[in-house]
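The values are calculated or read from the model by the stated rules, or taken from the named source; none is laboratory data. It should be emphasised that the depicted structure is a prediction, and the values quoted were computed from it without experimental measurement. Every residue, glycine as well, gets a Cβ built from its backbone with ideal geometry; the counts of neighbours run over all protein chains shown. Keep in mind that these areas ignore ligands, DNA and RNA; they rest on the heavy atoms of the full protein, side chains included. Shrake-Rupley method; radii C 1.70, N 1.55, O 1.52, S 1.80 Å.
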Amino acid sequence: MKSQPEDISVKKISFADNTAIKVLFGEHDINIKLIERLEKVKLYVKGNEVSISGDVIGVDIVEKLLIQLYSLIKKGYPIYHTDVDYAHRILSENGSTNIEEIFLDTVFISSNKRNITPKSIAQKLYIESMRNCDMVFGIGPAGTGKTYLAMALAVAFLLEKKVHRIVLTRPALEAGEKLGFLPGDLSEKVNPYLRPLYDALYDMVDFDRASALINKGVIEVAPLAFMRGRTLNDSFIILDEAQNTTSEQMKMFLTRLGFGSKAVITGDVTQTDLPHDKISGLIEVEKILKKTEGIKFVYFSEVDVVRHSLVQDIIRAYNHLDRSKGGS
């Protein structure tokens, strides 16, 4: 029998539950094929036994991945194709991570009965920070769940009567457009900017119920300018696209926080649409509030992207371009 090269490893795992194995491998072994693309390994399945061979580090990660996913399935967690990818990213980042502590942390169950849970280490930290701190900044690229998870927790807090109101806001400025040049009345001008917030809300609460809560003023979706002069008590307030706030707007928003309220501020400091002579309020606030007790900053990267896998590659490519420009 030929000995294996030193850099090649082979491990075998046995699983007792045949039903759970079918879920783990996926229809037509789709999860097996995905894992083989993610790591330099080959998986051989015989009955309830899986043999993993390949790169030493890859085999170790895949062994942990299969064992932890199997355990999740046994506990009733519905593993989807994307969950395999997310779990692999987590273990690649930190092999000692317990996937269950992340995937089983249910933030909210949406109107279509889908569990909303964190899918990365940063998302887990973000959820815990929002639960424990009254002001949290979520900073990172699009698609990392910053606004969506904040919305899910806000709705959960509202239904659990931990807050009496949800306020969703964002600056009405994007891609260099100015409201005065847009057609229609004020409502028609600002609604396109607020649409992403409505979309996330309707994804969690059915349309009729969400509309009723909006009509009653229990959920308010408004442009940032409408926050001026107000004090928001017993509210869960989310400021989205905060990189497009000016220094003055950010100060105005942060000082709206009243008793019994939480504020979550999300944005991507690399994607500001402000004029070149304006400082982003989000970039500035990082410098002046970073060490303030009771305020938490959570940072996301392309590892935390929960959209199409190509989005990760696109963000990584642009980050590389930015670094190249910075070094030139």
* To do: Six or more apart or on different chains, Cβ under 8 Å: which pairs go from a residue in the stretch 292-312 that's assigned to a helix (DSSP H, G or I) to one that's among the basic types (Lys, Arg) and modelled with pLDDT under 90? Could you list them?
  => 302/316
* Asked: Counting only residues that are surrounded by 19 or more Cβ atoms within 10 Å (Cβ to Cβ) and within 32 Å of the chain's Cα centre (by Cα), how many does the stretch 42-53 have?
  -> 2
* To do: Being of a type in the set (S, T, N, Q) and part of a helix (DSSP H, G or I) is the filter; apply it to the stretch 1-41 and report the residue that is modelled with the lowest pLDDT.
  => 18
* **Of all residues in the stretch 202-222 being assigned to a helix (DSSP H, G or I) and acidic (Asp, Glu), the one that is most open to solvent (accessible area, probe 1.4 Å)** => 208
* **Test: residue in the stretch 262-269 that is part of a loop (DSSP other than H, G, I, E, B) and within 24 Å of residue 163 (Cβ to Cβ)** => no
* Asked: In the stretch 92-123, which residues are closer than 17 Å to residue 79 by Cβ, open to solvent by 60 Å² or more (accessible area, probe 1.4 Å) and among the acidic types (Asp, Glu)?
  -> 101
* **Options 8, 73, 21; residue that is in contact with a Leu (Cβ under 7 Å, 6 or more places away or on another chain) and either crowded, with 19+ Cβ neighbours inside 10 Å or more than 20 Å from residue 306 (Cα to Cα) (or both)** => 73
* Positions within the stretch 252-273 being modelled with pLDDT under 90 and surrounded by fewer than 20 Cβ atoms within 10 Å (Cβ to Cβ), in sequence order -> 270, 271, 273
* Residue check for residue 144: of a type outside the set (A, V, I, L, M, F, W, C), touching a Ser or Thr at 6+ places or on another chain (Cβ under 9 Å) and touching a residue at least 12 places away in the same chain (Cβ under 8 Å) -> yes
* Structure fact -> residue 44 meets each of (1) at pLDDT 90 or above; (2) aromatic (Phe, Trp, Tyr); (3) touching a helix residue (DSSP H, G or I) at 6+ places or on another chain (Cβ under 7 Å) with one exception, condition (3)
* To do: Check the stretch 187-200 and report whether any residue there is modelled with pLDDT of 80 or more, crowded, with 18+ Cβ neighbours inside 10 Å and farther than 19 Å from residue 280 by Cβ.
  => yes
* Given the structure, is residue 282 touching a helix residue (DSSP H, G or I) at 6+ places or on another chain (Cβ under 7 Å), within 14 Å of residue 171 (Cα to Cα) and in a helix (DSSP H, G or I)? -> yes
